[in-house]
Amino acid sequence: MSEMKYSEMQYVDRPVSRIFFGTASITSVPKQDRDALLDGILALGVNAIDLARVYMRAEDAIGAWMEKRGNRDQLVLLSKCAHPNFLGMKRLNEKAIRKDFQKSSESLHTDHIDIYLLHRDDPSVPVGDIIQIFNALHSEGKIGAFGASNWTHTRIAEANEYAYAHSLIPFTVSSPNYGLAEQIADPWGGGCVTVSGPSNMKAREWYAENGMPVIAYSSLGRGFFSGRLKSGAGREDAAKVLDGHAMKAYWCDGNLERLKRSEQLAAEKGCSVSQIAMAWIYAQPMNTFAVVSTSKPSRMQQNIDALNIPLSPQEVKWLDLEEE
């Protein structure tokens, strides 16, 4: 069994595991099993936890566990704020950001969030205003690193240019969709951003050039590369395995071919399809981290093992249909 790998992140006080435990569905785990799952995940070395204010009571669940175990100082907490409300109204303003932080802080029983991200963008809001707000939160000791989820790299670059020009702290973290599965449609609507697929090569080049940590959500395509879906499956069978969001975002001929090639390579290397898809993420020139949800520590161990599965440059290109 492989051990977890870690990296340093600017403005984060402890090493960060290369895998973030995703909590969007943590409340679907029965309460009596939740603490054991979280204990097992941490025991494997996964110390980074991906949260958001809009994840149904996920912060309450993690906060209760941390308080019970007294392990806050072992963890790297990432949470997200300023998501549009249930009517789709945008909330990218200081009042909403501070309100969300206060609620997250109360739920998590902590006065400091290690990585704080905006959950969606609103291009009508000047980047300078946003940089000023986050610098204020940082100077107050409320947050460490900050950045954005579902922002384009050009908008992040614009925000950072403002920060550098005004001697302020820039965005140092980004969390877009990224994985072997090309996202062909926005799964939820409301401004999701992906850097997967051939059309987003410039974005990936920018991230590689800048070395900014990319915390990839839906890294296995919401189950597309879980191993439960087979490349020969028809649409009806696939819909029994994948939810509606995954079908909308990832069901296409190109991804089925990527899945077929992953199956072939997994058989050759004696590993699983999901491990091939995870290894592919870490074989990129970008500074990648992956958000992974699981209900069993044993499955998380498989993801950790994937960190050490070697893929040649030719295999990386072949999996993503860049070579025949």
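The values are calculated or read from the model by the stated rules, or taken from the named source; none is laboratory data. Keep in mind that this is a model prediction, so the values were computed, not measured. Cβ placement follows ideal geometry from the backbone for every residue including glycine, while neighbour counts extend to all protein chains displayed. Keep in mind that these areas ignore ligands, DNA and RNA; they rest on the heavy atoms of the full protein, side chains included. Shrake-Rupley method; radii C 1.70, N 1.55, O 1.52, S 1.80 Å.
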- request: Examine the stretch 32-40 for a residue that is in a loop (DSSP other than H, G, I, E, B) and either over 18 Å from the mean Cα position of the chain (by Cα) or farther than 22 Å from R120 by Cβ (or both), and state whether such a residue exists.
  value: no
Hits in the stretch 41-60 - residues which are open to solvent by less than 30 Å² (accessible area, probe 1.4 Å), in contact with a strand residue (DSSP E or B) (Cβ under 8 Å, 6 or more places away or on another chain) and more than 21 Å from N303 (Cα to Cα): A52, E59
- prompt: Going by the conditions given, is S7 among the small types (G, A, S) and over 18 Å from the mean Cα position of the chain (by Cα)?
  reply: no
query: Going through the stretch 132-145 one residue at a time, which ones are open to solvent by less than 10 Å² (accessible area, probe 1.4 Å) and in contact (Cβ under 8 Å) with a residue 40 or more places away in the chain?
result: L137, I143, G144, A145
- request: Could you grab me the full set of residues in the stretch 95-130 that are of a type in the set (S, T, Y), without any contact (Cβ under 8 Å) to a residue 40 or more places away in the chain and within 24 Å of M66 (Cα to Cα)?
  value: S105, Y116
Enumeration of residues in the stretch 61-77 that are surrounded by 17 or more Cβ atoms within 10 Å (Cβ to Cβ) and more than 15 Å from the chain's Cα centre (by Cα): A61, I62, G63, A64, W65, M66, L75
query: Here are K80, K103: which of them is within 22 Å of the chain's Cα centre (by Cα), among the charged types (D, E, K, R) and open to solvent by 70 Å² or more (accessible area, probe 1.4 Å)?
result: K103
- request: Out of the residues in the stretch 1-40 that are among the β-branched types (V, I, T) and within 15 Å of T294 (Cβ to Cβ), state the one that is surrounded by the fewest Cβ atoms within 10 Å (Cβ to Cβ).
  value: T27
field: Unique residue being without any contact (Cβ under 8 Å) to a residue 12 or more places away in the chain and under 25 Å from V214 (Cβ atoms) when the list is R299, R261
entry: R299
- prompt: When you go through (1) among the charged types (D, E, K, R); (2) within 14 Å of S219 (Cβ to Cβ); (3) part of a loop (DSSP other than H, G, I, E, B) one by one for E322, which number turns out not to apply?
  reply: (2)
- prompt: Considering only helices (runs of 4 or more DSSP H) fully contained in the stretch 167-272, which possess at least 3 residues that are open to solvent by 40 Å² or more (accessible area, probe 1.4 Å) and closer than 27 Å to M9 by Cβ?
  reply: 201-210
- prompt: Quick check: anything in the stretch 282-302 open to solvent by less than 30 Å² (accessible area, probe 1.4 Å), closer than 30 Å to L38 by Cα, of a type in the set (V, I, T) and part of a loop (DSSP other than H, G, I, E, B)?
  reply: yes
